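Colleague: What follows is a structure written as structure tokens; I'll ask about it next.
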């Protein structure tokens with residue numbers, strides 16, 4: 001059989017997942033139609049934005065996790081969302097948050113290795129409006145997206 005696991009992983013990362021209604025119904029001791037109706041309502045009102053698989057990132061070659069704190073230059077401080085959207089386009093960027101405090105942004109990055117992260121860091125620093133960065137590397141992740149990792 002053809003091995004398409006890498007393609008499947010990419011689609012799952014983009015949110016091509018659906019909830020298992022029968023499993024949820026059993027846990028809630030409710031009818032599947034009731035669960036389905038309520039899920040559709042949550043989707044309709046925008047409470048549920050997407051469904052996504054949670055991975056053991058080491059097994060898919062993205063086990064190196066970094067958190068990058070970013071300061072913006074004064075000329076770009078007024079529009080942090082422009083820079084955040086530009087950062088979010090990069091495939092290694094898992095999340096981008098505009099934050100308060102000493103730093104303006106927090107970016108979560110997944111990569112295969114420190115070398116691959118270095119290439120991304122060079123790209124980040126070339127974006128107009130990014131003044132300086134500070135990187136924190138994760139040594140071990142025990143929980144992600146509300147799911148404990150074994």
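All of the numbers you see were taken from the coordinates with simple rules; none came from a lab. Remember, it's a predicted structure, so these values are computed and weren't measured experimentally. So basically every Cβ, Gly included, is an ideal-geometry build from the backbone, and we count neighbours across all protein chains shown.
Colleague: Over all alpha-carbon pairs in the stretch 1-131, figure out the percentage whose distance exceeds 22 Å. Write down the numbers at each step before the final one.
Modeller: Numbers: 4619 of 8515 pairs.
When all Cα pairs of the stretch 1-131 are counted, 54 percent exceed 22 Å.
Colleague: Hey, what angle do you get for helix 114-125 against the long axis of the chain, alpha-carbon based, 0 to 90 degrees rounded to 10?
Modeller: With both axes taken from Cα atoms, the answer is about 70 degrees.
Colleague: Could you work out the Kirkwood radius for the stretch 5-44, taking every pair of different alpha carbons, averaging 1/r and inverting it, reported in Å? Kindly include the intermediate steps, with their values, before the conclusion.
Modeller: Details: mean 1/r = 0.0873 Å⁻¹.
After inverting the pairwise mean of 1/r, the radius is 11.5 Å.
Colleague: Any chance you could check the Cα centroid distance between the stretch 84-113 and the stretch 36-74 for me, in angstrom?
Modeller: 12
Colleague: Sort the following peptides by mean Cβ neighbour count (other Cβ atoms within 10 Å, averaged over residues), highest first: 117-128, 40-51.
Modeller: Taking the mean over residues of other Cβ atoms within 10 Å, the ranking is 117-128, 40-51.
Colleague: Between residue 48 and residue 100, what is the label-to-label distance in nm when each label sits 7 Å out along the Cα-to-Cβ direction?
Modeller: Each label point is offset 7 Å from its Cα along the Cβ direction, giving 3.2 nm.
Colleague: For the stretch 58-139, what is the Kirkwood hydrodynamic radius in Å, using each pair of distinct C-alpha atoms?
Modeller: Kirkwood radius, the stretch 58-139: 12.8 Å.
Colleague: Continuing with this model, one more query. If I model a spin label as a point 7 Å beyond the Cα along the Cα-Cβ vector, how far apart are those points for residue 20 and residue 123 in nm?
Modeller: 3.4
Colleague: Sorted by mean Cβ packing within 10 Å, highest first, what order do the peptides 137-148, 27-38 take?
Modeller: Details: 137-148: 9.8, 27-38: 12.1.
Top to bottom by mean Cβ count within 10 Å: 27-38, 137-148.
Colleague: Oh, and also: What number, in percent, do you get for the relative contact order of the chain if the mean sequence gap of Cα pairs under 8 Å and at least 6 apart is divided by its residue count?
Modeller: Taking the mean separation of contacting Cα pairs over the length of the chain, I get 24 percent.
Colleague: From the helices alone, meaning DSSP H stretches of at least four residues, give me the mean residue ellipticity at 222 nm for the chain, per-run term -39500 (n - 2.57), in deg cm²/dmol to the nearest 500.
Modeller: Rounded to the nearest 500, it is -10000 deg cm²/dmol.
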